[in-house]
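Just below is one structure, and these are the notes that go with it.
Quick note: the coordinates plus some simple rules give every number you see, no bench work behind them. From a predicted model like this one, the values you see are computed outputs, not experimental measurements. Quick reminder, even Gly has a Cβ in these numbers, built from the backbone with ideal geometry, and neighbours come from all protein chains shown.
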Amino acid sequence: MSSVPPAMRVAPSHRRRRLRASWAMLLWLTVVWVLLWGDLSLANVVNGLLIAVFLTTLLPLPPTPFDGSFRPWGVVRLLVRFLRDVVVASYEVALLAVRGGEPHGGVIRVKLRSHSDVYLTMTAGMTSLVPGSIVIEAHRLTGTLYIHVVDLALQGGIERAHQAVLDQEERILRAFASDAELADAGLAPGASPRAGQLAARPDADADAEHTDEDRREGEAR
């Protein structure tokens, strides 16, 4: 019989989990650095990685539970679609500025399907990095984001703007969430949205109610 205490036997698992979370944070910070500079080059990627290591070492964040997984195809889909959204939104906002006129903006409320602070933060960050939208408030207890949209017409209306945020969250979940976390969010396991959704959750009616309130709020503005 092994003489190693049980606490010591499970320690490596916790270390591996923390290591996976650290690599996910380093990758995320590096991607944000490259996107902010707008220059995809080896030197910029290395600089972003070094700065990410420096920040996470000097200013470590409180430990956050992360039981997700890394799906390469899901990550590729996430990054490609995100870059496309940034390019398209940049063109639309620039065209709006050139044409002039008063934009018809509004604030929408989106209740996310995930219950993880990690995915809420990633969704808020990637949403804010797309020109024309900015997260002005986030409620971690309810998983709700309040987003100001510069021009709702550019988004195709309130419903489209609302759905765009949920689609962003789904791409993040399918890139990094575990099968259990996907199921908890009402999504079938898989790296592609083609995997579909599970049966409607009990709070589906509440989500629809939020959408109606978002519509009224946006129209009021």
The value for the stretch 112-184 (convex hull of the alpha-carbon atoms, volume per residue, Å³) is 81
Estimated distance in nm for a label pair at Val80 and Val46, the labels positioned 7 Å out from Cα along Cα-to-Cβ: 2.9
Among 116-125, 45-54, how do they line up from the highest to the lowest mean number of other beta-carbon atoms within 10 Å? 116-125, 45-54
Taking the number of other C-beta atoms within 10 Å as the exposure measure, put Arg99, Arg84 in order starting with the fewest. Arg99, Arg84
Per residue, the convex hull volume that the Cα atoms of the stretch 68-220 enclose (Å³): 100
If you rank Met25, Met126 by fewest surrounding Cβ atoms within 10 Å, what's the result? Met25, Met126
Quick one: which of 105-115, 183-193 comes out on top by average Cβ neighbours within 10 Å, and what's the full order, highest first? 105-115, 183-193
Length released on extending from Asp179 to Asp67, taking residue separation times 0.36 nm less the Cα-Cα span: 39.3 nm
